[in-house]
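Colleague: Right, I'll just put the structure down here and ask away after.
The values are calculated or read from the model by the stated rules, or taken from the named source; none is laboratory data. Note that the structure is predicted; figures quoted are calculated from it, not measured. Note that each Cβ is placed from the backbone with ideal geometry, even for glycine, and that neighbours are counted across all protein chains shown. The area values use the complete protein model at the heavy-atom level, side chains included, leaving out ligands, DNA and RNA. Shrake-Rupley method; radii C 1.70, N 1.55, O 1.52, S 1.80 Å.
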Amino acid sequence: MKTAVMTDSNSGISQQEADALGLFMMPMPVIIDGETHYEGIDLTHDSFFSALTGGRDVTTSQPSPGDLMDRWDKILSSGYDELIYIPMSSGLSNSCSTAISLSAEYNGKVQVADNHRISVTMRASIEEAIAYASNGISAAEIKRSLEENAYNSSIYIAVDTLEFLKKGGRVTPAGAALGAVLNIKPILTIQGERLDAFAKVRGMKKAKQKIVEALQNDFDTRFKDIPTERLRLGAAGSGLTPAEREDWRATLANAFPQFDIYYDPLSFSICCHVGPQSYGVGISVIAEK
């Protein structure tokens, strides 16, 4: 069986990188002033953040059923016997449950993994899936492995401004105004499902320190019995300059020298909710071979 691996752009993997990996990509829709654009297709980093910070109405949506099924049909007609689709966590979007429903029409040829991950932790799962597929593992077996290991991950995100959380209804207007005056930086977390509050500190420097402390606690508790070779640590960010990206990656590398830390930009779908100048990091556990 020849198995294709497909994901969406919430993985942080660029289209160019996906092409090099032999990975199929579903771009996530971003709606700006009522007009639909697609991440990595007709919406660049600069144009997205210009709209996001320029007072325009920016929202996100899941891929349309028609677009998703057209993509599956094209893959299956291009020499693949089956495919495994790894969308963003079902706890963060309805796109996963929609895909699962649509896959029922494909008689097992399309498997959808509810991997409960996003961004850098999602990348780790996709890299696993690519390795499995290249070794002849079936889509159904890949789905089983990814779902069994799904919750073995941890994400933290430090948000620079409360403005975008206010737009999403997670912070009241009064709370956002007070937070701006006091320079409050909320730290959010994803532990397999939804985005939740983790801590609040004053200033981004303290927020980064708090994240490093949270990571160390995870390594000392949840993941203490996991060998280092089965752990991945990835940095992420929203609208950061190249210098800011490298500084954040280096901060984590200095704190955790046992890891080869990579950096991925947060997807536009995530940036819509956390805003620019956000700093994130994720721990992923790789399944035992």
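Colleague: Stretched out fully, how many nm does the piece from GLN16 to ILE31 gain, at 0.36 nm a residue minus the Cα gap?
Modeller: 3.1 nm
Colleague: Could you check the spin-label model distance between THR221 and ASP260? Points 7 Å from the Cα along Cα→Cβ, value in nm.
Modeller: About 3.1 nm, to one decimal.
Colleague: Can you bin every Cα-Cα distance in the chain into 10 Å intervals starting at zero and give me the percent of pairs per bin, rounded to whole numbers?
Modeller: Answer for the chain: a P(r) of 6, 29, 35, 22, 7, 1 percent.
Colleague: Moving to a separate point now. Of the lysine pairs in the chain, how many meet both conditions: Cα atoms under 23 Å apart, and a spacing of 8 or more in sequence or different chains?
Modeller: Lysine pairs meeting both conditions in the chain amount to 26.
Colleague: At ASP67 and THR189, where each label point lies 7 Å from the Cα along Cα→Cβ, what is the point-to-point distance in nanometres?
Modeller: With each label point 7 Å from Cα toward Cβ, the separation is 3.4 nm.
Colleague: Roughly what would the spin-label model give for THR241 and SER101, points 7 Å off Cα along C-beta, in nm?
Modeller: 4.6
Colleague: So what are the ³J(HN,Hα) numbers for the range 9-25, from phi and the Karplus equation (6.51, -1.76, 1.60; θ = phi - 60°), rounded to whole Hz, Gly and Pro as x?
Modeller: Couplings: 6, 5, 6, x, 7, 6, 4, 4, 5, 4, 4, 5, 7, x, 9, 8, 10 Hz.
Colleague: Here's a follow-up. For a quick check of understanding: with a 1.4 angstrom probe and all protein chains in place, what accessible area in square angstrom does PHE198 have, to the nearest ten?
Modeller: 90
Colleague: With every protein chain kept in place and ligands, DNA and RNA left out, what is the accessible area per residue of the chain? Probe 1.4 Å, answer in Å².
Modeller: In whole numbers, the chain has 45 Å² accessible per residue.
Colleague: Right, next: Taking the Cα centre of each part, how many Å lie between the range 258-277 and the range 1-25?
Modeller: The range 258-277 and the range 1-25 have Cα centres spaced 18 Å from each other.
Colleague: Sticking with this structure for a sec: Summing Lys, Arg as +1 and Asp, Glu as -1, what charge do residues with Cβ under 11 Å from the Cβ of GLY239 carry, GLY239 excluded?
Modeller: Within the 11 Å Cβ shell, the charges total -2.
Colleague: So, in Å, what gap is there between the alpha-carbon centers of the range 93-167 and the range 56-77?
Modeller: 16
Colleague: Next up: Most fluctuating residue of SER11, SER61, SER101 in a GNM of the chain with Cα springs under 10 Å: which is it?
Modeller: SER101
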